[in-house]
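The values are calculated or read from the model by the stated rules, or taken from the named source; none is laboratory data. Given the structure is predicted, the values throughout are model-derived calculations rather than measurements. Please note: Cβ atoms are built from the backbone with ideal geometry, for glycine as well, and neighbour counts cover all protein chains shown.
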2 protein chains.
Amino acid sequence: MAAHPVSPLAPKTYPDLPPVRGVRFATAEAGIKYKNRTDVLLMAFDEGTAAAGVLTKSKCSSAAVDWCRANLPGGKARGLVVNSGNANAFTGVKGRQSVEMTAEIAARALGCAGSDIFLASTGVIGEPLDANKFSGVLDQCAARLADGPWIEPAKAIMTTDTYPKLSGAVLEIDGVEVIINGIAKGSGMIAPDMATMLSFVVTDMPIAADVLQSLLARHVQTSFNAITVDSDTSTSDTLLAFATGKAGVDPITSMDDPRAEVFGAALSDVLFDLAILVVRDGEGATKQVTVNVEGATTDQSAFRIAKAIADSPLVKTAIAGEDANWGRVVMAVGKAGEPADRDKLAIRFGDLLVAKDGERAHGYDEAATSAYMKGEDLEVTVSLGLGEGRASVYTCDLTHGYIEINGDYRS
Amino acid sequence: MAAHPVSPLAPKTYPDLPPVRGVRFATAEAGIKYKNRTDVLLMAFDEGTAAAGVLTKSKCSSAAVDWCRANLPGGKARGLVVNSGNANAFTGVKGRQSVEMTAEIAARALGCAGSDIFLASTGVIGEPLDANKFSGVLDQCAARLADGPWIEPAKAIMTTDTYPKLSGAVLEIDGVEVIINGIAKGSGMIAPDMATMLSFVVTDMPIAADVLQSLLARHVQTSFNAITVDSDTSTSDTLLAFATGKAGVDPITSMDDPRAEVFGAALSDVLFDLAILVVRDGEGATKQVTVNVEGATTDQSAFRIAKAIADSPLVKTAIAGEDANWGRVVMAVGKAGEPADRDKLAIRFGDLLVAKDGERAHGYDEAATSAYMKGEDLEVTVSLGLGEGRASVYTCDLTHGYIEINGDYRS
């Protein structure tokens, strides 16, 4: 597979994330699919680390996802193994054997139980993943665990990503500095309800696994579940959060603890940042688009309409062509199947009113709208005029680059 | 807008459809958007013509669709006006005035009531359509109505279509030859539950409007509602059927008449033919793909899974790249949200078994599968192994051509 050019929407710089007490990691080249780059990440957590996670809703979930689903109720973790290049999905009995063996190798390397190991795989579907590739590699990783630099794990988990994705927050709780670091990968097969999207967030905050789970489930809705690149949902989507508890503050053990709100807000920022980084690396993306829907009958209805717009190939190709084709936005509203009254509809591109009361706005300025479409960060806002429901969905344009990347991925 | 190359899947020849007793038509250049080509069709029906129709479910339906919806319950028609180049959708009060005026002009030209006129418009959304463009034009058309050639109306209704679409059937009922002729247009914004798809079918069979409506509603499910190009649904989708009753046989007045079945089968053939012609002209299409799902819990569930596969940009780009990426078919099955057991799943490309029991098939032949993918007509069959439900959905690949055509449509 040829390397693809870096997304024009890539960040200019990467944050230098601080170490997280209780977390160490190493990456390696296992040669699973890619050559001359890291493709395996081993992360080790100190004893007492709480785990939470959100996994794909696909009916054909990968072997690694099945493994995590089985282990999450335990709420604790000592290690994480992630590989890129092979999703170990739809690999039948061999897939199950492969995850068991990988967990065993990692557990031996870290000196813990297999059920304390979390696993994630991303890449081609349907190719058996040979766990033997991990055997020497994870031992070597375990021998050189370190607490930085954080760009290394972000790089090791990339597939068609054109840049590594990392984000972090430092907050003060009870006068103590608490760290939240996150990494993510994903650039295609991205749709709400997760995506071929892997993301791992670690913190030194002492927080009970069930509280961490509640906060993760809440904030995934407005971050990873509110992005779409191509409406496709992966077999392997995995968002895991690990809390080592090493920050010297009292643990959060209930959602009623007011600090849960504070910590949740910071977590939400990190998740949102990572989700946007994923959209901006959408395969072939040249523009980021925020679709806002307001005035819907409910928030859920607003979300469905926003998603219909953000998923529409016709809307996305028009944006790629810098064409202010708001008629296609009308089309997408119409097809969403949600309450909408054509004759109350208003549409704005940025601050420019293009349609109002079911027709082109008086004073519609084609030149100004066309100029707006040349920007890199676009906003489409639909006002339905029916109620108070609102939602935002984040996407990118649909370009030749997407076809290029996906027409020859496997070969 | 530059002309796009003719689809490689275009038919080599066009049928020379026979005249239909009681139907005459003419086309003209009204200069609505296109230059040097016909863009208006006037069709006239003899008195006593029954009408039936299926219209878009879009919440933002066009003014012409609203007009047809209001007139269909009457069940009778004397004229049809179709224009290409402007959809007269999302044009507010002006749009309503425009359809009223157009119907009035046509009614005057044909000497009938405005409510006997059916209207359809296709093209850009959101641009007001000036009905004055029709005033001289429809009178001229009315003066030179003829019963052929049928390729002319098929041409006049084209937008981004790269070839005209027509199909017909001749059947014998009670020893009398009965004609069914159909035309269609559409090549983007095509999804089940109609599409930017216009289709008009005429017959000389005497058949009651409600029976015609029942047959149309039934057979649209396995034809126009079973195709998808880009999952987008138009504001303007219109399928109308007109029966002049001029064939010298007793009328079909009930679905219990055994001849309803015979006539329905021929109608179904014409609708299916036209629907496939639309898919084969899918914007940028280079391959036609039939997606079969069998062994689902119900037919409806099978349809939803088939549609998820046929709509998936990742499946469609892989097919464009001639890549036997059955892993993406697994992904699409998984995201459909319908009952599926990964470990019972089998997938065939043509006759080649590529996956079975939740993993790559034993004896999977990469070379043979890759060779198969180079064909123009592909078949993907998913067996779920759960029940008796089955459905087929027809689509095309997703290529650079789609991006090309849709990136600069409006300009």
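Things worth noting here:
- For the range B:250-306, a tally of residues being in contact with a helix residue (DSSP H, G or I) (Cβ under 6 Å, 6 or more places away or on another chain), more than 28 Å from B:Thr13 (Cβ to Cβ), in a strand (DSSP E or B) and of a type outside the set (Val, Ile, Thr) returns 1.
- Test: residue in the range A:127-134 that is without any contact (Cβ under 8 Å) to a residue 40 or more places away in the chain, touching a strand residue (DSSP E or B) at 6+ places or on another chain (Cβ under 7 Å) and closer than 30 Å to B:Asn325 by Cα: no
- Here A:Gly295 meets each of (1) closer than 19 Å to A:Tyr372 by Cβ; (2) surrounded by fewer than 22 Cβ atoms within 10 Å (Cβ to Cβ); (3) away from every other protein chain (no Cβ under 13 Å) with one exception, condition (1).
- Every listed requirement among (1) in a loop (DSSP other than H, G, I, E, B); (2) under 23 Å from the mean Cα position of the chain (by Cα); (3) more than 10 Å from chain A (Cβ to nearest Cβ); (4) hydrophobic (A, V, I, L, M, F, W, C) is met by B:Ala120 save one, (1).
- Selection from the range B:307-325 of residues that are part of a helix (DSSP H, G or I), at the interface with another protein chain (Cβ under 7 Å from one of its Cβ atoms) and in contact with a Lys or Arg (Cβ under 8 Å, 6 or more places away or on another chain): B:Leu314, B:Ala318, B:Ala320
- Taken over the range A:343-352, the criterion of being closer than 17 Å to B:Arg96 by Cα and surrounded by fewer than 19 Cβ atoms within 10 Å (Cβ to Cβ) is satisfied by A:Asp343, A:Lys344.
- Every residue from the range A:1-54 that is in a strand (DSSP E or B) and either among the β-branched types (Val, Ile, Thr) or surrounded by fewer than 21 Cβ atoms within 10 Å (Cβ to Cβ) (or both): A:Val23, A:Arg24, A:Thr27, A:Ala28, A:Val40, A:Val54
- B:Ala52 away from every other protein chain (no Cβ under 14 Å) and in contact with a strand residue (DSSP E or B) (Cβ under 7 Å, 6 or more places away or on another chain): yes
- Residue check for A:Ala355: at the interface with chain B (Cβ under 9 Å from one of its Cβ atoms), small (Gly, Ala, Ser), within 28 Å of the chain's Cα centre (by Cα) and surrounded by 18 or more Cβ atoms within 10 Å (Cβ to Cβ): no
- Verdict on A:Glu172 being surrounded by fewer than 24 Cβ atoms within 10 Å (Cβ to Cβ), without any contact (Cβ under 8 Å) to a residue 40 or more places away in the chain, within 22 Å of A:Pro19 (Cβ to Cβ) and more than 14 Å from every other protein chain (Cβ to nearest Cβ): yes
- Of all residues in the range B:384-407, those satisfying the criterion of being of a type in the set (A, V, I, L, M, F, W, C) and either without any contact (Cβ under 8 Å) to a residue 60 or more places away in the chain or within 14 Å of another protein chain (Cβ to nearest Cβ) (or both) are B:Leu384, B:Leu386, B:Cys396, B:Leu398, B:Ile403, B:Ile405.
- Qualifying residue in the range B:336-356 (condition: modelled with pLDDT under 90, more than 19 Å from A:Pro313 (Cβ to Cβ) and in a loop (DSSP other than H, G, I, E, B)): yes
- Considering B:Ala332, B:Ala324, B:Ala368, B:Ala340, the condition of being surrounded by fewer than 18 Cβ atoms within 10 Å (Cβ to Cβ) and either under 18 Å from B:Gly295 (Cα atoms) or in the same structural domain as B:Leu398 (by TED's automatic domain parsing) (or both) is satisfied by B:Ala368 alone.
One line per residue, one yes/no per condition, for (1) within 30 Å of B:Leu314 (Cβ to Cβ); (2) out of contact with any strand residue (DSSP E or B) (no Cβ under 8 Å at 6 or more places or on another chain):
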| site | (1), (2) |
| --- | --- |
| A:Ala208 | no, no |
| A:Val220 | yes, no |
| A:Thr228 | yes, no |
| A:Phe242 | no, no |
| A:Asp250 | no, yes |
| A:Met255 | no, yes |
| A:Phe263 | no, no |
| A:Leu267 | no, no |
| A:Ile276 | yes, no |
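- Residues in the range B:128-162 that are assigned to a loop (DSSP other than H, G, I, E, B) and within 15 Å of B:Gly85 (Cβ to Cβ): B:Pro128, B:Leu129, B:Asp130, B:Ile157, B:Met158, B:Thr159, B:Thr160, B:Asp161.
- Conditions (1) part of a loop (DSSP other than H, G, I, E, B); (2) modelled with pLDDT under 95: number failed by B:Phe200: (1)
- Top-ranked residue in the range B:384-402 [being in a strand (DSSP E or B) and among the aliphatic types (A, V, I, L, M); ranked as farthest from A:Asp397 (Cα to Cα)]: B:Ala391
- In the range B:360-383, the residue that is farthest from A:Cys60 (Cα to Cα) out of those that are in a strand (DSSP E or B) and away from chain A (no Cβ under 13 Å) is B:Asp377.
- Test: residue in the range B:104-111 that is free of Cβ contacts under 8 Å to residues at least 12 places away in the same chain and within 30 Å of A:Ala355 (Cα to Cα): yes
- Within the range A:6-56, considering residues that are in contact with a Ser or Thr (Cβ under 7 Å, 6 or more places away or on another chain) and of a type in the set (D, E, K, R), the one farthest from A:Thr203 (Cα to Cα): A:Glu29
- The condition of being over 30 Å from B:Ser7 (Cα atoms) and of a type outside the set (S, T, N, Q) holds for only one of B:Ala318, B:Ala310, B:Ala243, that being B:Ala243.
- Residues that are closer than 19 Å to B:Leu274 by Cβ and free of Cβ contacts under 8 Å to residues at least 12 places away in the same chain, drawn from the range B:1-45: B:Lys12, B:Thr13
- Matching residues in the range A:327-338 - criterion: being out of contact with any Phe, Trp or Tyr (no Cβ under 7 Å at 6 or more places or on another chain) and facing chain B (nearest Cβ under 8 Å): A:Arg328, A:Met331, A:Ala332, A:Val333, A:Gly334, A:Lys335, A:Ala336, A:Gly337, A:Glu338
- Filtered by the rule that a residue be closer than 19 Å to A:Val176 by Cβ, among the hydrophobic types (A, V, I, L, M, F, W, C) and either surrounded by 18 or more Cβ atoms within 10 Å (Cβ to Cβ) or touching a Cys at 6+ places or on another chain (Cβ under 9 Å) (or both), the range A:250-278 gives A:Ile252, A:Ala260, A:Phe263, A:Ala266, A:Leu267, A:Val270.
- Candidate set from the range A:59-100 (those that are farther than 26 Å from B:Pro339 by Cβ and under 19 Å from the mean Cα position of the chain (by Cα)); member that is surrounded by the fewest Cβ atoms within 10 Å (Cβ to Cβ): A:Gly85
- Selection count where residues are modelled with pLDDT of 95 or more, under 26 Å from the mean Cα position of the chain (by Cα) and either of a type in the set (A, V, I, L, M) or surrounded by fewer than 18 Cβ atoms within 10 Å (Cβ to Cβ) (or both), scope the range A:123-147: 4
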